[in-house]
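Trainee: Shown below is the structure under consideration.
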Amino acid sequence: MTFALDSSKDFVFRPRSARTLAGVLMAASLAGAVAVLATGGWRSWSAVLPLVLVGYVAWLLFWFPKVVVGDAAVTLVNPLQTLAVPWESIILVDTKYALTLVTPSGRHTAWAAPAPGATASLREMKRTAKAEKRDSSGTRYKSIRPGDQHSSDSGVVAAVVRQRLERMAEDGRIDVDATNSARPARSVHVLHVGVLLLLLVMTFTLPALAG
């Protein structure tokens, strides 16, 4: 698979399978909460708290994260923090476990772009091998890392990042002298962390007090 990337526009990646899972979990949590309240009334509010917690965690872990490949940086929106990694600081794009941007200051992983599991990797390798057998061009099959496969979340984003990085380098828009000095901008999602902690405390303490 090839990517015709418009370097003038941001590329935004949100994992479809993860968001589907989040939607199912949030819908199930909402349905469960409605059923509990309909059966027990407002006095059963303590039984709703675990369902609210599950729905919120599903949203935070699977719906909220994304990767934005922009002109100034690659932004990794993870559940608890956002990292804006400048192009100048990127020295390697790794996909062993997930999309990981390697910089002089450390490795920065995208929660939204994990590498495929063992089963998915094996299935994709078999599919590629079969396609190779049908190929009459004589081109020899070359194995690639599972995380680089364009059918995977990590592979899709890695291909876009590498392509944008190559184009920017060719256009002279990357200051190589700033590689060691450029630092990712980090911002913690204080509100999200606060809501998560509040729900955890309420879920495990208030029902006991109410009882």
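The values are calculated or read from the model by the stated rules, or taken from the named source; none is laboratory data. Everything numeric in this text was worked out from a predicted model, so none of it was measured. Here the Cβ positions follow ideal geometry from the backbone for every residue, glycine too, while neighbour counts run over all protein chains shown. Surface areas here come from the heavy atoms of the whole protein model, side chains and all, with no ligands, DNA or RNA. Shrake-Rupley method; radii C 1.70, N 1.55, O 1.52, S 1.80 Å.
Trainee: Regarding the range 18-38, can at least one residue be identified that is closer than 20 Å to residue 155 by Cβ, open to solvent by 40 Å² or more (accessible area, probe 1.4 Å) and not polar (S, T, N, Q)?
Mentor: At the first step, the residues of the range 18-38 found to be closer than 20 Å to residue 155 by Cβ are 18-21.
Applying the additional criterion that residues be open to solvent by 40 Å² or more (accessible area, probe 1.4 Å) yields 19-21.
If we keep only those that are not polar (S, T, N, Q) too, we end up with 19, 21.
Yes, there is a match, as at least one residue in the range 18-38 is closer than 20 Å to residue 155 by Cβ, open to solvent by 40 Å² or more (accessible area, probe 1.4 Å) and not polar (S, T, N, Q).
Trainee: While we're here: Tell me yes or no: at least one residue of the range 93-101 is in contact with a helix residue (DSSP H, G or I) (Cβ under 9 Å, 6 or more places away or on another chain), surrounded by fewer than 19 Cβ atoms within 10 Å (Cβ to Cβ), over 30 Å from residue 167 (Cβ atoms) and among the hydroxyl-bearing types (Ser, Thr, Tyr).
Mentor: Within the range 93-101, not a single residue is in contact with a helix residue (DSSP H, G or I) (Cβ under 9 Å, 6 or more places away or on another chain), surrounded by fewer than 19 Cβ atoms within 10 Å (Cβ to Cβ), over 30 Å from residue 167 (Cβ atoms) and among the hydroxyl-bearing types (Ser, Thr, Tyr).
Trainee: A follow-up question, please. If you take the residues of the range 139-151 that are surrounded by 14 or more Cβ atoms within 10 Å (Cβ to Cβ), assigned to a loop (DSSP other than H, G, I, E, B) and in contact with a Ser or Thr (Cβ under 8 Å, 6 or more places away or on another chain), which of them is modelled with the highest pLDDT?
Mentor: Going through the qualifying residues, I end up with 149.
Trainee: Out of 68, 52, 48, I need the residue that is farther than 18 Å from residue 99 by Cβ, of a type in the set (A, V, I, L, M) and surrounded by fewer than 19 Cβ atoms within 10 Å (Cβ to Cβ). Which one? Full working, then the answer.
Mentor: On the way: 68 fails: farther than 18 Å from residue 99 by Cβ; 48 fails: surrounded by fewer than 19 Cβ atoms within 10 Å (Cβ to Cβ).
Selected residue: 52, the only one of 68, 52, 48 that is farther than 18 Å from residue 99 by Cβ, of a type in the set (A, V, I, L, M) and surrounded by fewer than 19 Cβ atoms within 10 Å (Cβ to Cβ).
Trainee: Name the residue, out of 168, 202, that is surrounded by 13 or more Cβ atoms within 10 Å (Cβ to Cβ), at pLDDT 55 or above, more than 27 Å from the chain's Cα centre (by Cα) and assigned to a helix (DSSP H, G or I).
Mentor: Numbers: 168 fails: more than 27 Å from the chain's Cα centre (by Cα).
Just a single option satisfies the conditions, and that option is 202.
Trainee: Now, a different point. Could you grab me the full set of residues in the range 83-109 that are under 11 Å from residue 182 (Cβ atoms) and charged (D, E, K, R)? Give the derivation first.
Mentor: To start, the set of residues in the range 83-109 that are under 11 Å from residue 182 (Cβ atoms) comprises 84-91, 103-105.
Matches in the range 83-109: 88 only.
Trainee: In this structure, does residue 46 turn out to be touching a residue at least 40 places away in the same chain (Cβ under 8 Å) and among the small types (Gly, Ala, Ser)? Explain how you work it out, then say what you get.
Mentor: Values: touching a residue at least 40 places away in the same chain (Cβ under 8 Å): yes; among the small types (Gly, Ala, Ser): yes.
When the stated conditions are applied, residue 46 passes them.
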